[in-house]
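Quick notes on the structure that follows.
All of the numbers you see were taken from the coordinates with simple rules; none came from a lab. Nothing here was measured: the structure is a model prediction, and the numbers come from that model. Using ideal geometry, Cβ is built from the backbone for each residue, glycine included, and neighbour counts are taken over all protein chains shown.
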Amino acid sequence: DQQVKQNSPSLSVQEGRISILNCDYTNSMFDYFLWYKKYPAEGPTFLISISSIKDKNEDGRFTVFLNKSAKHLSLHIVPSQPGDSAVYFCARNFGNEKLTFGTGTRLTIIP
Amino acid sequence: DVKVTQSSRYLVKRTGEKVFLECVQDMDHENMFWYRQDPGLGLRLIYFSYDVKMKEKGDIPEGYSVSREKKERFSLILESASTNQTSMYLCASSSPHSLPLSYEQYFGPGTRLTVT
């Protein structure tokens, strides 16, 4: 079972506030986790990744947290901006070049 | 910058037609992938190629085949299109030698295929 699950299909956040997107996974081994952002009619673009040997990785407004005991991954966006409105996918790599994607969460930033 | 291009942004085909979707990448990547994206199902891997003339089935290969005759080009073939193959098709590429190691895949803009 190599699933990653995004249980929230949508999320609305006020501009300037924190957006928190969540992802759960099973059967942890040595993994890499990635977050992608997708606008309509465009391909997904890579945002940030984290190795399973780390707890946190930060890049500008984006921070990914990995809670290994809970098998939970989260992406924090602070502060949220209108251009952040998109579908966000978490993805998992098992060291074999393939990625397994979650079902996505549609984030809407309210001005 | 890595560039992945797909031959068509929108395509309309009839049931039973043979359909070719082309993907080209310009970064000399070894790995290339075909996914389909459907609402509520995320991105699902159809086929994967890790070298010229090498291919591996993904999670949903039924009804599809692929061809990789040159390193930069990866084609997805629908032998006999059906209405349940109406979807957004996404091509991606990656390199196993990228540093820092992240397993990042670079995606094309997608082809919205409608089968009527």
Revision key, fill the gap. Whole-Å distance linking the alpha carbon centroid of the range A:66-111 with that of the range A:6-30 is 6 Å
Exercise for review: Obtain the nm distance between the two label points defined at B:LYS13 and A:SER74 by a simple spin-label model: each point lies 7 Å from its Cα along the Cα-to-C-beta direction.
Suggested key: 4.4 nm
Study note, to complete from the structure: For the table A:LYS54/B:LYS55; A:LYS38/B:LYS3; A:LYS68/B:LYS3; A:LYS5/B:LYS71; A:LYS56/B:LYS53; A:LYS38/B:LYS57, the rows whose alpha-carbon distance is greater than 28 Å are A:LYS54/B:LYS55; A:LYS68/B:LYS3; A:LYS5/B:LYS71; A:LYS56/B:LYS53
Practice item. May I ask you to compute the full-extension gain from A:PHE94 to A:THR45, defined as 0.36 nm times their residue separation minus their alpha-carbon distance, rounded to one decimal in nm? Key: 15.7 nm
Practice item. Could you check the simple spin-label distance between B:ASN84 and B:LYS3, using points 7 Å along Cα→Cβ, in nm with one decimal? Key: 3.8 nm
Check your understanding: Excluding same-chain residues fewer than 8 positions from B:LYS18, which aspartates and glutamates have a Cα within less than 18 Å of its Cα?
Key -> B:GLU62, B:GLU79
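Given R₀ = 35 Å, FRET efficiency for A:LYS5-B:GLU22 by Cβ-Cβ distance, to 0.05? Display every interim value, and only then the final one.
Values: r = 33 Å, r/R0 = 0.94.
The pair A:LYS5/B:GLU22 has a calculated efficiency of 0.60.
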Review point. Looking only at B:PRO96, B:PRO39, B:PRO61, which one moves most when chain B is put into a Gaussian network model with springs between Cα atoms under 10 Å?
Key: B:PRO39
**Study point:** Residue list for the range A:76-105, given a label point 7 angstrom along the Cα-to-Cβ vector of B:ILE60 and an amide N cut-off under 20 Å
**Key:** A:87-93, A:98-105
